[in-house]
1. I need the full set of residues from segment B:36-54 which are farther than 17 Å from B:T202 by Cα and open to solvent by less than 10 Å² (accessible area, probe 1.4 Å), in order please.
2. Which condition number in (1) at the interface with another protein chain (Cβ under 7 Å from one of its Cβ atoms); (2) open to solvent by less than 10 Å² (accessible area, probe 1.4 Å); (3) under 30 Å from A:P460 (Cβ atoms) is the one that A:F94 fails?
3. Can you find, within segment B:140-171, the residue that is nearest to B:M91 (Cα to Cα) among those that are part of a helix (DSSP H, G or I) and free of Cβ contacts under 8 Å to residues at least 60 places away in the same chain?
4. With (1) more than 20 Å from the chain's Cα centre (by Cα); (2) in a helix (DSSP H, G or I); (3) on the phi < 0 side of the Ramachandran plot as the list, and A:K420 as the residue in question, which single condition is left unmet?
5. For segment B:153-165, what are the residues that are more than 11 Å from chain A (Cβ to nearest Cβ), open to solvent by 30 Å² or more (accessible area, probe 1.4 Å) and either on the phi > 0 side of the Ramachandran plot or in contact with a Gly (Cβ under 9 Å, 6 or more places away or on another chain) (or both)?
6. Give segment A:381-397 a look and list any residue that's out of contact with any strand residue (DSSP E or B) (no Cβ under 8 Å at 6 or more places or on another chain) and open to solvent by 20 Å² or more (accessible area, probe 1.4 Å), or say none.
7. Going by the conditions given, is B:V93 assigned to a helix (DSSP H, G or I) and touching a residue at least 40 places away in the same chain (Cβ under 8 Å)?
8. Can you find, within segment A:56-67, the residue that is most open to solvent (accessible area, probe 1.4 Å) among those that are more than 8 Å from chain B (Cβ to nearest Cβ) and not aliphatic (A, V, I, L, M)?
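The values are calculated or read from the model by the stated rules, or taken from the named source; none is laboratory data. Quantities reported herein were computed from a predicted structural model and do not represent experimental measurements. Cβ coordinates were reconstructed from backbone atoms using ideal geometry, including for glycine residues, and neighbour counts include every protein chain displayed. Keep in mind that these areas ignore ligands, DNA and RNA; they rest on the heavy atoms of the full protein, side chains included. Shrake-Rupley method; radii C 1.70, N 1.55, O 1.52, S 1.80 Å.
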Amino acid sequence: MISAELVDASRLQFAIVALYHFLFVPLTLGMTFMLVIMESTYVITNKPIYKDMVKFWGKLFGINFALGVTTGITMEFQFGTNWAYYSHYVGDIFGAPLAIEGLMAFFLESTFIGLFFFGWDKLSKNKHLMVTMLMALGSNLSALWILVANGWMNNPVGSEFSFITMRMEMVDFWDVVFNPQAQAKFVHTISAGYVTAATFVLGISSWYLLKGRDVEFAKRSFRIAAAFGFASAMSVIVLGDESGYTVGEAQQTKMAAIEAMWHTEPAPASFNLIADINEKEQKNNWAIEIPYVMGIIGTRSLTKEIPGIHEIKEKNRVKIINGAKAVTALAALRKDTKNEALKAEFEKYKADLGYGLLLKKYTEDVSLATPEMIQKAVDDTVPHVTPIFWSFRAMVAIGTGLLALFATALYMSVTNRCGKQKWLLRWALWFIPMPWIAAELGWFVAEYGRQPWTIFGVLPTHLSASTLTAGNVYASIGGFVLFYTGLLIVEMYLMVKFARLGPSSLHTGRYHGEAQH
Amino acid sequence: MFDYETLKVIWWLFVGVLLVGFAVMDGHDMGVGTLLPFVGKTDEERRVLINTVGAHWEGNQVWFVLGGGAIFAAWPLVYATAFSGFYWAMMAVLWALFFRPVGFDYRSKLASKTWRTSWDWGLFIGGTVPPIIFGVAFGNLLQGVPFHFSDDLRSTYTGTFWQLLNPFALLAGVISSAMIIAHGANFLMIRTEGDIYRRSRTAAMIFGSLALLAFAAAGVWVMNGIAGYVITSGNIPGDLPNPLDKTVVVQAGAWMHNYSLYAWAKLIPMIAFIGGALAIVFALINKPLLAFIGSSLSMLGIIGTAGVSMFPFLMPSSTNPNSSLTVWDSVSSHMTLELMFFATIIFLPLIVMYTSWAYKIMAGKVTLDFIKNNDHSAY
């Protein structure tokens, strides 16, 4: 049996490397898009200031991208090194989008990023713009395939278990690609990336405006960021909501946890704005409720019920008991693959196989599971409510704050008052870290909210880890933290240094502080 | 469209193509990384070296990432078993690779000498450690790796990191490292001039010779001292993959079977020698592009030799030979293999096309004057 300590260590490592990686991804996604907008403006207007904008913001983008690549390499190999059983069990489906990501997207992005930086003097204006566009296309397609893989973890469609190969196998690739879960996640994630980049450009431009330097450069950047940011923030909120109501039981469980909804309420359910959650007694001591809202968001109807945590658990109890029969039949069938009676028995309970595997955390032979073990497995099927409940609310609060910021910034831009309101400039400056915090919280809600599964309903997390020792994994965590933290400090140092230098770092002789030379 | 057995063989070839692609493309910029502190004596010279690959290393590195993704998709059991078994070796590869993106991008952003020298050594580590470890890994695959599967196909690696570093595996590491350094030196000859060119030429000939000598030594060693593996029952090529459904025995000389079975197989090690020898000759007579093609062919031959010797084995188990992974029983389902086949034949040619275009755009010598004139925009 895999030790709980090993599984915890493996999860901790995955969370650390994924959260670090996700510090750099959103800015890359959005910056490539903003660079396309700026460069298109340059090609159309032929004003050199827009070319300088592409080069300067591109410089900052490059500093960020380097760490995106560094931390991204780990992600591609992490499943094999630390989640070997997972890789075997679902590699037939999960590996394909990852490989296609490399073939279709990452190659495109990485090849053209070189030309983006070094091709200015070697390419015509139009060709360089095309290079920038292909780079942006590559980074966004990359997100698509990664989220197809991730969407499948949350809603495993288009696949079936095979007892001969002892793994999940693909039966319909297009179901996997057009998984509504994956599509919703994709749109939500890239929009969040666009907001991140817009906040970044808006905040730094505001700083120049506060200092009264590089005013023309900063104003133009500010306006582009305001418009792009507003559109993207609308999209995150509208389409973020989409990922709330898409089909699938994973979402129902997650939604119940997000809302701390312990019992099914008569439709349409109310929304808990805030609540004092009592995990021990599985109830809320008190809550501020907004009637009807939850039911409408969650089901897009006034009559459909949303299941509460208790009801979800009781359903899962049946699945666990049936699943245990599937696990037992499978073990026998593996030894006697031609036995039709065993095959029939297995087929009968196959749909609940994953739920039966939940018992493996407590007993090697699941047919001997005691009622206490079954109860524990049932309790495991819903993640801890408190961290998810509050992370979600913090994310939404930040998103709302960002929308307000961009709405204000856009209003000031179109009424030609951009740069005059110091309070707005300060607001934009101090809000720079916010989209990153929201993105990390969003990752946490989505992935912690999927527990106890790596593949929802199919493969429990505690079976997914590689057969290593916890000591080894803790040691590698130490290495990753050391490397990543050191590199992050270097990155932040350079980022701040070049943001302070501003467009003068291009040495064109046109910007703040250069006239004196 | 294809039957399962054919697809399994196609995927063995595809993974081979990806490994060779990785060696040829990412290999040359890794070789540049290893040579950086030695061939570049001054800061400007080092910047010349870095800028020969400045616009391309990122795209090249995707061969490595794609290699990982393709093995995941096509051979999930190999991906799972090898990377978790070689845990610390993989960590060393990853951590060494961390130095590359930041090394390339950050090095010349500050003027401090200590800063730049530190990143130069970072790029050295990032270019040197991975090829050595890949070689060592192949050396261990040829000898068999201590792992086994449980009934539900959970793999357990029972060896240690240190036992990977045995004499034969270290020799394989030398081959891999030397061929990558020689290849990088050939590339530098194409893109530089003057002192840097001359030093690269010397390195190309020394390391090219070393790679061939080490490869010959390893060949003799395998013929005389490394036992191979033979399937004695089960493991039908067209069957659904189940690595526990066969028997395997260890047998001296078994890695030579394919060469007596198929006459054409002997061509593969010959390509390694001929390509490597031509690379040295072309470096000597100052034909860098031909030398680069020679070293590329040589790497095709060397990697191909390892693959052909072991076929159909991919990762034999030394402690429980029946658990060995083969081309027939480590693979994904028929559907996934076919899907990935189409994805590969559509996208790989496109990748080759736009990569070639990128190299064409950036073609020409990188000179010291170029660095002086582009002080703020070059790496």
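1. B:R47, B:V48, B:I50, B:T52, B:V53, B:G54
2. If we test A:F94 against (1) at the interface with another protein chain (Cβ under 7 Å from one of its Cβ atoms); (2) open to solvent by less than 10 Å² (accessible area, probe 1.4 Å); (3) under 30 Å from A:P460 (Cβ atoms), just (1) comes out false.
3. Among those residues, the one meeting the criterion is B:W162.
4. (2)
5. The one that is more than 11 Å from chain A (Cβ to nearest Cβ), open to solvent by 30 Å² or more (accessible area, probe 1.4 Å) and either on the phi > 0 side of the Ramachandran plot or in contact with a Gly (Cβ under 9 Å, 6 or more places away or on another chain) (or both): B:L165.
6. Within segment A:381-397, A:H384, A:P387, A:W390, A:F392, A:A394, A:M395, A:V396, A:A397 qualify.
7. So B:V93 fits the description; yes.
8. A:K59
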